[in-house]
Amino acid sequence: MANQQIKNERMEAIVSLAKRRGFIYQGSDVYGGLSGTWDYGPLGVTLKRNIMQLWWKMFVDSRDDMYGVDAAILMNQKVWQASGHVDTFTDPLVEDMETKQRFRADHLLKDAGYSVDGLTLAEMTKLIQDNDVKSPNGNALSDVRTFNMMFTTTVGPVADDKSISYLRPETAQGIFTNFRNVVDAFYPDLPFGIAQQGKAFRNEISPRDFVFRSREFEQMEIEYFVHPEKWAESFEALLKDTHDFLTALGLPAENVHELEVPENDRAHYSKRTIDIEFDFPIGREELMGIAYRTDFDLSNIQRVAGKSMDYSVKGTNEKFIPHVIEPSFGVERALMAVLSSAYTEDEVNGDKRIVMKFPAHLAPVKYCVSPLLKNKPELVAKAREVYELLKKKHGNVMWDDNGNIGKRYRRQDEIGTPYCVVIDFDTIENDGLVSVRDRDTTEQKRISIEELIG
Ligand code: GAP
């Protein structure tokens, strides 16, 4: 796990479980890894999709004011010139003078106990020099300079200035560039939003803390278009919707905090930003952000592309470029918050166990079905019948007949399966009832197959 600093034992336990049980692996692991990239295993991909689908359901499908899009990752280079990313999407970089390794200057200073809020590059350099801050290898550091985080590529067979493109560093621009298309096709009343989920790429100087700071990750973003004078009420409403979503992820409210971002720390496009921070095992860090982007992006598109981004209010002569509220979620950070909230170590009948207490609607496996004994064909046949019925209804159902029943429960607890269903001799000889064990309480109930499926 090159370059990943895992800060404490709880984080290490989660990372280890994620690998052992098929949630998340280091990207290109077999070749020694590629720093800042992660691969999702069978359980991880389902958990991640469940989070993304819940977001889509709450923010798009269940509302009348949201429109979904899925824009291309590669975009015309003018998009990133107009948005300001070519000039300003940078992080402060320092180099180890001996090894030439590169680090985030603000991270090194924060780790050394200094506040970097609002500091210029020259001020950071001075802080490093005055206090003899060293690289993690103990060597002297260079002056601080900027580093653009966009991955550059070329499109087509000829590599020249005109063919330069970038892997998108945010999904937002794919929404802004489709504003006119959506308005022309649907003409929604203001306020309305356009939502998108998808990959984003940033050449982070020092990816770290598991999936928290990756070079390839996913975002779930909304650009919510409002009347310029009515932005504040939509900001508040979307902030509330954000909290509702975080509650639905099962994140304890006491671990979720709002941070009003001061002006000198806000992104170049924002007039107000609230970061939602979460108490991760690595400390309190940004989970997502909600920003008032004004008409910054649409005005830039109008200026550079020469196409009108005006919105005409139906039945009036009023015309203006809408302003924008942007709730921006990182899927990996939501997933890491879900994993760390779910991770529990407790004791059952004197035995230690690890249990992932996922909310049932997010759990990658909903039910596990087993025959009490795997060498009894009559038990296996009945269990298969129940398994097929549940699978037809819920999809994510697992069959497990390995080892004894206690070991099966432990395995399912570790992957967070809410219910284990066991078919025993009473099921086929007496009452027709099956035993259903609750993951969190470990209590078992006997219920009919009809009730279980219903
Ligand atoms: N469109 C606005 C925007 O991209 P941002 O604060 O740069 O704003 C939004 O990113 C969210 O994307 C963050 O709150 C975080 O959840 C996620 N994110 C950003 N960089 C990330 C990275 N390197 N790895 C994982 N998630 C990241």
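The values are calculated or read from the model by the stated rules, or taken from the named source; none is laboratory data. These numbers come from a predicted model, not from an experiment. Cβ atoms come from the backbone with ideal geometry, glycine included; neighbour counts cover every protein chain shown. Each accessible area value is taken on the protein alone, full model and side chains, heavy atoms only, with ligands, DNA and RNA left out. Shrake-Rupley method; radii C 1.70, N 1.55, O 1.52, S 1.80 Å.
For the reader, a short list of remarks on this structure follows.
- Taking the numbered list (1) closer than 29 Å to R353 by Cα; (2) within 15 Å of the chain's Cα centre (by Cα); (3) not aromatic (F, W, Y) in turn, T37 passes all entries but (1).
- When I194 is tested against (1) in the same structural domain as F329 (by TED's automatic domain parsing); (2) touching a Ser or Thr at 6+ places or on another chain (Cβ under 9 Å), only condition (2) is not met.
- So F245, is it within 27 Å of S341 (Cβ to Cβ), in contact (Cβ under 8 Å) with a residue 60 or more places away in the chain and not acidic (D, E): yes
So that you can scan it fast, the table gives a plain yes or no per residue for (1) under 30 Å from G416 (Cβ atoms); (2) open to solvent by less than 60 Å² (accessible area, probe 1.4 Å); (3) at pLDDT 95 or above:
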site	(1), (2), (3)
Y40	yes, yes, yes
R49	yes, no, yes
S62	yes, no, yes
G68	yes, yes, yes
F89	no, yes, no
L93	no, yes, no
H107	no, yes, no
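- Residue in the stretch 159-177 that is surrounded by the most Cβ atoms within 10 Å (Cβ to Cβ), counting only those that are of a type outside the set (V, I, T), away from the ligand (no atom under 13 Å from the Cβ) and closer than 18 Å to M149 by Cβ: Y166
- Strands (runs of 3 or more DSSP E) lying entirely in the stretch 317-393 (those with 2 or more residues that are in contact with a strand residue (DSSP E or B) (Cβ under 7 Å, 6 or more places away or on another chain) and under 30 Å from K240 (Cβ atoms)): 323-330, 343-348
- Some residue of the stretch 295-315 being more than 14 Å from the ligand (Cβ to nearest atom), touching a His at 6+ places or on another chain (Cβ under 6 Å) and of a type outside the set (A, V, I, L, M, F, W, C): yes
- Inclusion of T99 among residues that are open to solvent by 20 Å² or more (accessible area, probe 1.4 Å) and under 30 Å from N76 (Cα atoms) is not warranted.
Results for (1) under 24 Å from V304 (Cβ atoms); (2) modelled with pLDDT under 95; (3) in contact with a Gly (Cβ under 9 Å, 6 or more places away or on another chain), shown as yes or no for each residue.
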residue: F147; (1), (2), (3): no, yes, no
residue: P157; (1), (2), (3): no, yes, no
residue: D161; (1), (2), (3): yes, yes, no
residue: S165; (1), (2), (3): yes, no, no
residue: E170; (1), (2), (3): yes, no, no
residue: Q173; (1), (2), (3): yes, no, no
residue: F176; (1), (2), (3): yes, no, no
residue: D184; (1), (2), (3): yes, no, no
residue: G193; (1), (2), (3): yes, no, no
